[in-house]
1. Given the criteria within 20 Å of Gly147 (Cβ to Cβ) and either surrounded by 19 or more Cβ atoms within 10 Å (Cβ to Cβ) or in contact (Cβ under 8 Å) with a residue 40 or more places away in the chain (or both), does Tyr44 qualify?
2. Identify all residues within the range 129-156 that are under 12 Å from the mean Cα position of the chain (by Cα) and of a type in the set (Gly, Ala, Ser); write none if there are none.
3. Condition check: hydrophobic (A, V, I, L, M, F, W, C), farther than 26 Å from Leu124 by Cβ, open to solvent by 10 Å² or more (accessible area, probe 1.4 Å) and modelled with pLDDT of 95 or more. Does Ile90 satisfy that?
4. If Gln101 meets every condition in (1) open to solvent by 10 Å² or more (accessible area, probe 1.4 Å); (2) touching an Asp or Glu at 6+ places or on another chain (Cβ under 6 Å); (3) under 17 Å from Leu192 (Cα atoms) apart from one, which number is that one?
5. Has the range 55-70 got any residue that is touching a Pro at 6+ places or on another chain (Cβ under 6 Å), open to solvent by 50 Å² or more (accessible area, probe 1.4 Å) and either of a type in the set (D, E, K, R) or under 19 Å from Ala103 (Cα atoms) (or both)?
6. Residue check, Gly212 against (1) over 17 Å from Glu152 (Cβ atoms); (2) under 18 Å from the mean Cα position of the chain (by Cα), all met but one. Which one?
7. Which residue pairs have Cβ atoms closer than 7 Å, lie 6 or more positions apart in sequence or on different chains, and pair a first residue in the range 15-41 that is closer than 14 Å to Ile100 by Cα and open to solvent by 10 Å² or more (accessible area, probe 1.4 Å) with a second residue that is assigned to a strand (DSSP E or B) and among the polar types (S, T, N, Q)?
8. Return the only residue of Ala155, Ala179 being surrounded by 19 or more Cβ atoms within 10 Å (Cβ to Cβ), out of contact with any Leu (no Cβ under 9 Å at 6 or more places or on another chain) and either touching a residue at least 12 places away in the same chain (Cβ under 8 Å) or within 18 Å of Phe120 (Cα to Cα) (or both).
Amino acid sequence: MNTHLQSVRQVKTVFFKNPFAVLPAHTELVYPTGRVTPQLLMHYKSLTQTEAALVITGPATITPPQSRKYSLLRADQPKYMNGLRALTKIIGSNGGTPGIQLAHLGETDANVLEQGLSDFPNRLPDFEAEKLVTAYSNACKRTGEVGYRYIELAADQFLLLHQLIHEDHESLVTEIFEAVVANNPEGAALALRLPNEGQHLEKYSRLFLEAGGDLIAYPSSPDPEQTPRFGCSPQTLMLSLGGPVPPDTAVKLLKKTLLIGLPQSMHSGKSVQASHP
């Protein structure tokens, strides 16, 4: 593989041995209660051994899920941290940087989210702004304390944070960004995952970085070389590719982005290929 693809990259005090990341994905290997299973540990061990620099677990909910028929990882209470700590250890001991995606599902059931949403709910779900900010900041603090070195806020897939951005709730979203940054322990890299198109994305990319965030993560367009950059520098971007990409194209893309995200379903340590999950 081209040596440029293997170059070490850095965010704050977090070093990535190469530019590749395994993206978060829903999996039935989580207990219905949201706890980590032995099978999930082995799943992420296997993904880490493909030599990706960063392995992102989750999504993990920052509030209790609506249903336990099919759950996600949970980061909403201290009692779930032992399982998340075990994930960081198994990823770290196998040479990867442990990451986690934090999500607020609003009123969406986890099982519905797995099937994929096609639009926002007709209205914002009921919530208290102060409690919402606290939920994000507590989840960030807890996951950083158990060893995650990359923490990502999910603002895509029509989730609550995505809808707040889409409807331009600037004051509340900025408060969330500032609270997460303030509660980020030990210099973990902070990212915001956005869709590749939609309203106000450039504005909130800027606000997130100005608040102290580090990376904007987003999926490529059908032609990855034409993917929007939201006005951000390459050192603040993670691109999730939309299909198989040969090494020479990856080299070109790495001039425009710090990291390349590879879905779990197509991740390979021997080739540069991916599709958006």
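The values are calculated or read from the model by the stated rules, or taken from the named source; none is laboratory data. Predicted, not measured: the structure shown is a model, and the values here were computed from it. Here the Cβ is made from the backbone with ideal geometry for all residues, glycine too, and neighbour counts use every protein chain on show. In case anyone asks, the SASA skips ligands and DNA or RNA and just uses the protein heavy atoms, side chains included. Shrake-Rupley method; radii C 1.70, N 1.55, O 1.52, S 1.80 Å.
1. Working: within 20 Å of Gly147 (Cβ to Cβ): yes; either surrounded by 19 or more Cβ atoms within 10 Å (Cβ to Cβ) or in contact (Cβ under 8 Å) with a residue 40 or more places away in the chain (or both): yes.
Here the answer is yes, as Tyr44 does meet what is asked.
2. Ala154, Ala155
3. Numbers: hydrophobic (A, V, I, L, M, F, W, C): yes; farther than 26 Å from Leu124 by Cβ: yes; open to solvent by 10 Å² or more (accessible area, probe 1.4 Å): yes; modelled with pLDDT of 95 or more: yes.
Taking the combined requirement at face value, the residue satisfies it.
4. Going through (1) open to solvent by 10 Å² or more (accessible area, probe 1.4 Å); (2) touching an Asp or Glu at 6+ places or on another chain (Cβ under 6 Å); (3) under 17 Å from Leu192 (Cα atoms) one by one, Gln101 breaks only (1).
5. Let us first name the residues in the range 55-70 that are touching a Pro at 6+ places or on another chain (Cβ under 6 Å), namely 56, 58-59, 68.
Those left that are additionally open to solvent by 50 Å² or more (accessible area, probe 1.4 Å): 68.
From what's left, either of a type in the set (D, E, K, R) or under 19 Å from Ala103 (Cα atoms) (or both): 68.
The answer is yes; a qualifying residue exists.
6. The number of the failed condition is (1).
7. Pro24/Thr57; Pro24/Gln101
8. Working: Ala155 fails: out of contact with any Leu (no Cβ under 9 Å at 6 or more places or on another chain).
Just one listed residue meets the conditions, Ala179.
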